[in-house]
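**Student:** My questions all concern the structure below.
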Amino acid sequence: MALDCKINFDDNAMFRHKDLQELRDLAEEDPLEVQASKFNLNYIKLDGNIACMVNGAGLAMATMDIISYAGGSPANFLDVGGSASQEQIENAFEILLSDPNVKAIFINIFGGILRVDILASAVVAATKKLNVKLPIILRLEGTNVEEGRKILAESGIKFQVGATMKEAADLAVKAAKS
């Protein structure tokens with residue numbers, strides 16, 4: 001009796017297993033997850049309507065939890081990592097915007113390695129380049145946070161910035177419902 005089974009591999013060490021890389025069947029994977037992997041973004045699609053962009057897996061989990069706690073539903077898990085570039089932020093936005101269920105974007109960043117001012121500049125540039133029309137809610141903390149907030153405020157784009165994760169989650173839920 002033949003068994004039909006599917007095996008998933010953790011891709012963190014795939015560079016050591018070229019033979020297994022050749023077995024990857026992209027047709028079996030979510031197209032957005034495949035696209036994200038091309039840009040070194042960690043992305044998992046969910047069923048909600050609030051897109052999440054964060055830096056760090058733990059913060060991503062906490063962000064999804066706080067959105068649920070606030071009465072919303074996360075549309076994805078998207079970790080841009082600690083050293084996201086302008087190009088990665090743009091690609092992250094493209095992935096988030098390609099989900100027709102998304103009604104708001106919640107960016108939750110704790111700037112350590114990824115400085116807040118660098119992220120803010122990338123978000124402004126990507127928002128303008130991609131002509132983002134959805135509400136964008138941010139919660140920012142960490143290195144150069146005041147500079148980052150200033151960049152957002154002076155951008156001419158109507159960003160909503162929450163002082164806390166809870167405040168930002170409430171703003172995101174409200175934006176997604178309106």
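The values are calculated or read from the model by the stated rules, or taken from the named source; none is laboratory data. Since this is a predicted model, take the numbers as computed values, not measurements. No Cβ is skipped: glycine too gets one built from the backbone with ideal geometry, and neighbour counts run over all protein chains shown.
**Student:** Quick one: would you say A125 is buried (at least 18 other Cβ atoms within 10 Å of the Cβ) and modelled with pLDDT of 90 or more?
**Tutor:** On the way: buried (at least 18 other Cβ atoms within 10 Å of the Cβ): no; modelled with pLDDT of 90 or more: yes.
Answer is no for this residue.
**Student:** Identify, from the list V116, V102, V145, V173, the residue that is surrounded by fewer than 21 Cβ atoms within 10 Å (Cβ to Cβ) and over 13 Å from the mean Cα position of the chain (by Cα).
**Tutor:** Residue meeting the stated conditions: V145.
**Student:** Another one. Considering only the range 102-125, I want to know if a residue exists there that is of a type in the set (K, R), within 21 Å of L59 (Cα to Cα) and in contact with a Phe, Trp or Tyr (Cβ under 8 Å, 6 or more places away or on another chain).
**Tutor:** So far as the range 102-125 goes, no, none of its residues is of a type in the set (K, R), within 21 Å of L59 (Cα to Cα) and in contact with a Phe, Trp or Tyr (Cβ under 8 Å, 6 or more places away or on another chain).
**Student:** In the range 133-174, which residues are polar (S, T, N, Q) and in a loop (DSSP other than H, G, I, E, B)? Write out each step before concluding.
**Tutor:** Applying the first criterion (polar (S, T, N, Q)) to the range 133-174 yields 143-144, 155, 160, 164.
Passing the criteria: T143, N144, S155, T164.
**Student:** Within the bounds of the range 105-113, is there any residue that is without any contact (Cβ under 8 Å) to a residue 60 or more places away in the chain and either assigned to a helix (DSSP H, G or I) or closer than 30 Å to D4 by Cβ (or both)?
**Tutor:** Looking for residues that are without any contact (Cβ under 8 Å) to a residue 60 or more places away in the chain and either assigned to a helix (DSSP H, G or I) or closer than 30 Å to D4 by Cβ (or both), one finds none in the range 105-113, hence no.
**Student:** Which one of the conditions (1) surrounded by 13 or more Cβ atoms within 10 Å (Cβ to Cβ); (2) touching a residue at least 40 places away in the same chain (Cβ under 8 Å) does S37 fail to meet, given that it meets all the rest?
**Tutor:** (2)
**Student:** Among V123, V102, which is the only one that is touching a strand residue (DSSP E or B) at 6+ places or on another chain (Cβ under 9 Å) and in a helix (DSSP H, G or I)?
**Tutor:** V123
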